[in-house]
Structures are given as C-alpha cells and as structure tokens.
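Quick notes on the structure that follows.
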Amino acid sequence: MEMIPLEQITPGTQTTSVAKPGVLIDTKALETLAEPLGKSAKMRIRQIRQWILQRGILDFDRMTDLPAGFRAELTEKMVPLSSRIANRQVSSDETEKLLLRMADGKEIECVLMREENRRTACISTQVGCGMGCVFCASGMFGVSRNLQAGEILEQLVHVRTRLKPDERLSHIVVMGMGEPMANLQNLMAALEVACHPDGFGLSARHITISTVGLPERIRELADAGKKYHLAVSLHAPEENLRTHLMPTNAKTGIRNILEAADYFFDTTGRQVTFEYILLAGLNDGPMQAEQLGSLLSHRKSHVNLIPFNPVSGLEFRRPLPDSVREFRDILDNFGVSSTVRKRKGADISAACGQLRREALVENATQPLEQVSN
Ligand code: SAH
C-alpha cells in the first residue's frame, strides 16, 4: 500500500480557498459571473463544463478559448472543483480509493476499480448514511447530508484524474457512501451529465444504482425511463433476519421491495441484481439459500453474493469457501444464477466508508479545535 502526502496529490488550482464556489456546483454564481458577456454567456459556460468534464482541465488559465478577462475573473471568484483529494490509497490490484473533502469540510469516498478493459468509478451520494445496516462502515456515524448533484459529478472528475492516458472511464457503480434512493433527484441530475455527450458520454447501461430497497423510489426510478441497472441489497430472505441486519426493513418489508423490483423489470426490461452479503453463521446457511432460491426462482434476476468485507470494530466474519460453494449450488438448483463478488482493493480500507471512518476516529482523539478546521 502506498500513501501519498496530501500536498502532492492536490490537483491544479485546488489549493486556492475552498470558500470560493465550484463551477459545477454553484450554477447561479457562474451564470452571474458570465452575465456581462451577453449573448455568448451560455456558450462560455458550456465551454467551461467541457474543459472540466471532457478534458479534465482543472485550471481556468488553461481554458484557452475563453476571453482572458473572463478567465481572470473566474480564477478570482470561483474554483473548477470545490472538493479536493484529502487522502488516497492505492492497492496492489491498482484499485484507488480517494477520500474527498467537500467545501464544508465533510468527507466522502470514491473508488476507481480496474478490471480488464473496465474502468469503474464507485461513487457516494450522501455524507454518511442513515440506513443503519449493522455490517456497514458508512452508516456508523449516521447521515450528515445529501450530496449536491455537482458534488456527485466532482467525484467522477477526481476519479478520472487518476486514469492513465490509455484508460477511459467506462462504468459507474453507485455503491459508495449513502443511500442513492434517498437522494434520487440529485443523483439523476448528475447521471444525466455522466451520460451526456458533452459530459462523460457514458452508456446508461453501464451505470448500476445499488439500493437498500426503498420501494417508492425504485418505482420512481423505473418511471424515469432510463436504462440504468438496478441492484437491490437483499441480504436476507426472511423478514426477521433482514430487519435485524437492515433496520429499514421494519418499514418496507421484503415483499414490497420484490414487487417494486418486479415493477422495475417490467417497466425498463432490465433484469434486477439482488446483492446478498454473506455473514458467516448468520445468513450463509443452506436454509437461507433455499429460502432465497424460492423467493427468486420465478423472477428473472441475478444474485451477487458479497462475502463480508471486514470492518474494524465489527464482529462479523467472512463465510468459509465451502459454505459459499454450497450456497451457490442450492441457488443453482432453484434455477437462480449467481456470482461471487471479487474483492477489490483488499489491502486498502476496502469496505465502503472505512477510509472516512479511520479519519473520523483519528479526529475524535484530537483536541476539538483541530477537528473543526
Ligand atoms: N445504500 C446502498 C449502497 C451501499 S454499498 C445499498 O444499500 O445498496 C453497496 C453494497 O455493499 C450494499 O449491498 C451493501 O449492503 C454492501 N456492504 C456494505 N458494507 C459491507 C461490508 N462490510 N462487506 C460487504 N458488503 C458490504
């Protein structure tokens, strides 16, 4: 594992005051600044976005097709990105995890994963998470706020700065911190730009949104008419166990979630993936495999089994390889296809929320005045 000192990894003009608004975030401030340009204002704003999103240029002075006076004014009053990389970890499999600090000092995580030709950004939608799943590091401190659409987009810009010249961002998984469906409007606005030819030009089919399972929001996403892939974190085939692991289940219930997933499939034609974390001795037995098999056997779906990623402070254990094999065989007997998620970045703070958790725990041991700035 390689640790890079903060000052070496802060890109471009990011060292300027964080109090200045970011152009991807504060559209109003940018419009006001461009207003004196009259008829060309709109075009200039588009150019700025293209420089940042398409070419990854994070320095107004290098945006050479903008009038010099306007560039100077931009440099004085705004920043290309309002967030900056506060910490970075690189794993031996070339997975890179970024801890981003937002303008208000809040921290979130995003990850770049490399797998054959795929370059996948794993992005966050909230600071923290309010869902309270007992095995997850992101929810340990609750939710502090939703990310703005621009902050979600900035994660993609940061991830892209890590790509080598011959690499191209091809996929997004919304599996970072937070519950995407609890911030659906902002997420949709950001993904719209991710798919736009003037933005990142990604295919909607290469974007996966993972949810704890909020039925109303799943239906709303289905009705939006996009081709995003939906992954539902099921994690247990039976109500009591699911509520034990995922407290939000007390309100939703498994049946409602499955019905919403069916609606998503019927409306979009896209098969739903069910994620299933494997926690040794808790939900990885043959009985649960059979219950899961019978829940899903008549549904066109796929199961992604995720062996628990250890989180310090949590007592759960990873499943034994034999139980994983048996679990899969049973699903197979029910005609339910499954894959086991590969563990990326195993030698860095792998499970989502861990890098931030470490920073928070470290801060908690410092005097208060150090924490506040
Ligand atoms: N809020 C969304 C996104 C969460 S992260 C959701 O609930 O789907 C993506 C996946 O990682 C979810 O399935 C989540 O339950 C799972 N996950 C969280 N902590 C984990 C851990 N320690 N080990 C393995 N998977 C974990």
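The values are calculated or read from the model by the stated rules, or taken from the named source; none is laboratory data. It should be emphasised that the depicted structure is a prediction, and the values quoted were computed from it without experimental measurement. Here the Cβ is made from the backbone with ideal geometry for all residues, glycine too, and neighbour counts use every protein chain on show.
Contact annotation: residue pairs with Cβ atoms under 9 Å, 6 or more positions apart or on different chains, pairing a residue in segment 38-51 that is free of Cβ contacts under 8 Å to residues at least 40 places away in the same chain with a partner that is of a type in the set (Gly, Ala, Ser), are SER40/ALA34; ALA41/ALA34; LYS42/ALA34; ARG44/ALA34; ILE45/ALA34; ILE48/ALA34. Of all positions in segment 290-301, at least one carries a residue that is modelled with pLDDT of 95 or more, within 21 Å of ARG255 (Cα to Cα), out of contact with any helix residue (DSSP H, G or I) (no Cβ under 7 Å at 6 or more places or on another chain) and among the hydroxyl-bearing types (Ser, Thr, Tyr).
When restricted to residues that are over 14 Å from ARG114 (Cβ atoms), over 14 Å from the mean Cα position of the chain (by Cα) and in contact (Cβ under 8 Å) with a residue 12 or more places away in the chain, segment 157-182 contains 1.
For (1) in a helix (DSSP H, G or I); (2) surrounded by fewer than 20 Cβ atoms within 10 Å (Cβ to Cβ); (3) over 23 Å from the mean Cα position of the chain (by Cα), each residue gets a yes or a no:
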{"residue": "ARG46", "(1), (2), (3)": "yes, yes, yes"}
{"residue": "ARG49", "(1), (2), (3)": "yes, yes, no"}
{"residue": "GLY56", "(1), (2), (3)": "no, yes, no"}
{"residue": "ASP65", "(1), (2), (3)": "no, yes, yes"}
{"residue": "GLY69", "(1), (2), (3)": "yes, yes, yes"}
{"residue": "THR75", "(1), (2), (3)": "yes, yes, yes"}
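Here VAL324 clears all of (1) under 15 Å from CYS136 (Cβ atoms); (2) without any contact (Cβ under 8 Å) to a residue 60 or more places away in the chain; (3) among the aliphatic types (A, V, I, L, M) except the condition numbered (1). On the basis of being touching a helix residue (DSSP H, G or I) at 6+ places or on another chain (Cβ under 6 Å) and away from the ligand (no atom under 15 Å from the Cβ), does TYR228 make the cut? In short, no. The residues of segment 273-309 that are among the hydrophobic types (A, V, I, L, M, F, W, C), within 10 Å of the ligand (Cβ to nearest atom) and either more than 16 Å from MET175 (Cβ to Cβ) or assigned to a loop (DSSP other than H, G, I, E, B) (or both), listed by number, are LEU278, LEU279, PHE308. Can you say whether GLU154 is of a type in the set (Asp, Glu), in contact (Cβ under 8 Å) with a residue 12 or more places away in the chain and more than 11 Å from the ligand (Cβ to nearest atom), as far as the supplied structure shows? Against the criterion (of a type in the set (Asp, Glu), in contact (Cβ under 8 Å) with a residue 12 or more places away in the chain and more than 11 Å from the ligand (Cβ to nearest atom)), GLU154 qualifies.
So that you can scan it fast, the table gives a plain yes or no per residue for (1) buried (at least 16 other Cβ atoms within 10 Å of the Cβ); (2) modelled with pLDDT of 95 or more; (3) in contact with a Gly (Cβ under 9 Å, 6 or more places away or on another chain):
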| site | (1), (2), (3) |
| --- | --- |
| ASN256 | yes, yes, yes |
| GLU259 | no, yes, no |
| PHE265 | yes, yes, no |
| THR268 | yes, yes, yes |
| PHE274 | yes, yes, no |
| LEU279 | yes, yes, no |
| ASN283 | yes, yes, no |
| PRO286 | no, yes, no |
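When residues in segment 223-237 are screened for being buried (at least 18 other Cβ atoms within 10 Å of the Cβ), of a type in the set (A, V, I, L, M) and either modelled with pLDDT under 95 or part of a loop (DSSP other than H, G, I, E, B) (or both), 2 of them pass. Taking the criterion of being under 28 Å from ASN249 (Cβ atoms), within 13 Å of the ligand (Cβ to nearest atom) and buried (at least 22 other Cβ atoms within 10 Å of the Cβ), would at least one residue in segment 191-205 satisfy it? Within segment 191-205, not a single residue is under 28 Å from ASN249 (Cβ atoms), within 13 Å of the ligand (Cβ to nearest atom) and buried (at least 22 other Cβ atoms within 10 Å of the Cβ).
What do you reckon, is ARG119 part of a strand (DSSP E or B), assigned by TED's automatic domain parsing to the domain that holds GLU259 and away from the ligand (no atom under 16 Å from the Cβ)?
yes
The sole residue among PHE334, PHE264, PHE316 that is on the phi < 0 side of the Ramachandran plot, of a type in the set (Phe, Trp, Tyr) and away from the ligand (no atom under 16 Å from the Cβ) is PHE334.
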